[in-house]
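Trainee: I have a structure I would like to understand better, so I am pasting it below and will then ask my questions one at a time.
All of the numbers you see were taken from the coordinates with simple rules; none came from a lab. The shown structure was predicted, so the numbers you read here are calculated from the model rather than taken from an experiment. Cβ: placed from backbone, ideal geometry, glycine included. Neighbour counts: every protein chain shown.
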Amino acid sequence: MTVAKANANEQGAAGSMIKSELVQRIAGQNPHLYQRDIENIVNAVLGEITAALARGDRVELRGFGAFSVKHRPARTGRNPRTGAHVSVDQKSVPFFKTGKEMRERLNKAQ
Amino acid sequence: MAGKTVTRADLCEAVYQKVGLSRTESATLVEMVLKEITDCLERGETVKLSSFGSFVVRKKGQRIGRNPKTGKEVPISPRRVMVFKPSAILKQRINAGPDGSSQQAP
């Protein structure tokens, strides 16, 4: 999906935060650490989740959500433009399920 | 191969190994990372983490659902849900397997 399309889907798009902004915000709360350290911390967290999923492990973060890997079997797909049959290899896809507390926080007192 | 569950403790250990802070401080920082992301999403903002993926909050309107046990129709109230869109890089890593080689059998 293109970025423009993704933005159009968020009704009342309330802005966004990218990784560097996340790092800056955490750095602001930790004046005793270098921004470089915070960057390494954020990357270590994301890297560890990625590595776990690559091993086929599950990552469960209580109050936030759980990442897991789902396997999709090989199938015969169609090229929607030409209608030609194409074989699609089996693959694994990452999956995220929102945690209970997170779900509640998204919906309290809006 | 699969079956293990990675938790906060493992993330803290990874930070401790890679960054050289104390274990206590590593744990605090991991918590801060999750809290910042959560707070942002709670405000309805998208969180984009390059080479990992993005978390998006979607608004759902009211719709009619059905109680699967009784078969009774019940209205489902409007709500906000959070979805994770994995980046192409993450999807690629998962299909490449732990050692980066291409993995045919799961």
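Trainee: I'd like the FRET efficiency for A:SER87 and A:GLU60, computed as 1/(1 + (r/R0)^6) with the beta carbon distance as r and R0 of 30 Å, rounded to 0.05.
Mentor: Details: r = 35 Å, r/R0 = 1.15.
FRET efficiency, A:SER87 to A:GLU60: 0.30.
Trainee: In degrees, nearest 10, range 0 to 90: what is the angle between the Cα axis of helix A:35-55 and the longest Cα principal axis of chain A?
Mentor: 30 degrees
Trainee: Place a point 7 Å from the Cα of B:ARG79 along the Cα-to-Cβ direction; which residues of the range A:66-102 have their backbone N under 13 Å from it?
Mentor: So the set is A:98-102.
Trainee: Using the alpha-carbon centroid of each, what span in Å lies between the range B:1-63 and the range A:37-96?
Mentor: Between the Cα centres of the range B:1-63 and the range A:37-96 lies a distance of 16 Å.
Trainee: Under a Cβ-Cβ cut-off of 14 Å, what is the net charge of the residues other than B:ARG66 that fall near it, where Lys and Arg count +1 and Asp and Glu count -1?
Mentor: On the way: positive: B:ARG63, B:LYS69, B:LYS72; negative: B:GLU73.
After counting each charged neighbour, the total is +2.
Trainee: Expressed in nm², what is the orientationally averaged projection area of the convex hull enclosing the Cα positions of the range A:14-106? If you can, show how the numbers build up before the last one.
Mentor: Details: hull surface 38.7 nm².
Result: 9.7 nm².
Trainee: Hey, how much of the P(r) for the protein assembly as shown falls beyond 25 Å, as a percent of Cα pairs? All intermediate terms of the calculation are to be shown ahead of the outcome.
Mentor: Details: 11284 of 23220 pairs.
Looking at the protein assembly as shown, the distances longer than 25 Å represent 49 percent of pairs.
Trainee: How much net charge surrounds B:LYS4 when only the other residues with a Cβ under 11 Å from the Cβ of B:LYS4 are counted, with Lys and Arg +1 and Asp and Glu -1? Walk me through the numbers before you get to the answer.
Mentor: Working: positive: A:ARG55, A:ARG58; negative: A:ASP57, A:GLU60, B:ASP10.
So the surrounding residues net to -1.
Trainee: Which of the listed residues, A:GLY83, A:PRO94, A:GLY47, is farthest toward the dipole's positive end in chain A, when Lys, Arg count +1 and Asp, Glu count -1 at the beta-carbon?
Mentor: Checked the options; the winner is A:GLY83.
Trainee: Roughly how tilted is helix B:8-19, in degrees to the nearest 10 and between 0 and 90, from the longest Cα axis of chain B?
Mentor: 40 degrees
Trainee: Something else now. For the protein assembly as shown, give the magnitude of the charge dipole about the Cα centre (Cβ charges: +1 Lys/Arg, -1 Asp/Glu; no others), in debye to the nearest 20. Mind showing how you got there, number by number?
Mentor: Details: 37 positive and 20 negative charges, 270 e Å.
For this selection, approximately 1300 debye.
Trainee: I want to verify a result. In a Gaussian network model of chain A, Cα cutoff 10 Å, which of these has the top mean-square fluctuation: A:VAL93, A:VAL42, A:VAL59?
Mentor: Of A:VAL93, A:VAL42, A:VAL59, the most mobile in the Gaussian network model is A:VAL93.
Trainee: Enter the angle in degrees (range 0 to 90, nearest 10) between the Cα long axis of helix B:23-42 and the first principal axis of the Cα atoms of chain B, meaning the one along which they spread out most.
Mentor: Computed tilt is about 30 degrees.
Trainee: As a test of the formula, what do you get for chain A when each DSSP H run with n ≥ 4 contributes -39,500 (n - 2.57) and the sum is divided by the residue count, at 222 nm and rounded to the nearest 500 deg cm²/dmol?
Mentor: Values: 4 runs with 47 residues, N = 110.
Helix-only estimate at 222 nm: -13000 deg cm²/dmol.
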